[in-house]
């Protein structure tokens, strides 16, 4: 019975937390004169990736991070196909030029680098972890420098009659929203796992589906709320930013703490991530993720889940 309570309370916290988090993040972008896309790629992406970071670092510190690569790649596939796909179904996403010219191609490059690393020698060493962290630092510079250079122009364009959220309220929205997202995600995973066990589902199937999806619930709900609010840059920036954070930061930190052994299937999953990233980048280059494309993306994840169950 408590599993159902956890699931319901978890989803309520996710929705409420995402609403406050997006409101705070978008208000911060307007007040600071920073493009919403950059907020989505950095603050929102880091916040929604917090569960994956906490789980991966904890596993690395205990020397049990063998499934870290599979979890990150699986989460990235879910983010791209389901989070972006359902957001587009809810409200067609107009994509920023920087997403198409810089960030989406960078996410494909990160996926290619990761796949090459795991295919090369079957693990991610501390040196390779440092390489990933160095790439992450370079990514931050690449994303933030143009935003800071254009900050004055954005501040000058700000509508003086627009009611601005107070800085203290912005901080409260972001902190409380993020806390609710993380707690809600954990409760939802615990509840769904308990219900699955009640129906006799195997631990392997639970891990491949419910737990993997559960760690991406923050990204899903946050992007859906952002899409509903018309914050396309935050919705898509969250997806691409989270994928970059997962590979470069989370796997980089985990590998530096303890070298990561790679399961053989991780190479296949990495290749799948790379293929679907390229496949759906092609229609996205027109500048919009339409409802039909979003629906195909979500259905592709259903096929991927069927493959996971069968293999």
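The values are calculated or read from the model by the stated rules, or taken from the named source; none is laboratory data. Bear in mind the structure is a predicted one, so any value in this text is a computation, not a measurement. A quick note on method: Cβ atoms are made from the backbone with ideal geometry, for glycine too, and the neighbour counts reach across all protein chains shown.
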Residue match in region 261-278 (condition: farther than 20 Å from residue 128 by Cα, assigned to a helix (DSSP H, G or I) and free of Cβ contacts under 8 Å to residues at least 40 places away in the same chain): yes
Matching option when the condition is part of a helix (DSSP H, G or I), more than 18 Å from residue 222 (Cβ to Cβ), modelled with pLDDT of 70 or more and out of contact with any strand residue (DSSP E or B) (no Cβ under 9 Å at 6 or more places or on another chain), among 24, 70, 47: 70
Options 289, 278, 248; residue that is under 21 Å from residue 116 (Cβ atoms) and surrounded by 24 or more Cβ atoms within 10 Å (Cβ to Cβ): 248
Scope region 88-125; condition surrounded by 15 or more Cβ atoms within 10 Å (Cβ to Cβ), in a helix (DSSP H, G or I) and modelled with pLDDT under 85; matching residues: 98
Those residues of region 279-297 which are within 21 Å of residue 105 (Cα to Cα), touching a helix residue (DSSP H, G or I) at 6+ places or on another chain (Cβ under 8 Å) and in contact (Cβ under 8 Å) with a residue 40 or more places away in the chain, in sequence order: 280, 281, 284, 285, 287, 289, 290, 293, 294, 296, 297
Condition check for residue 29: modelled with pLDDT of 75 or more, part of a helix (DSSP H, G or I) and under 19 Å from residue 229 (Cβ atoms): no
Residue check, residue 84 under 10 Å from residue 248 (Cα atoms) and modelled with pLDDT under 95: no
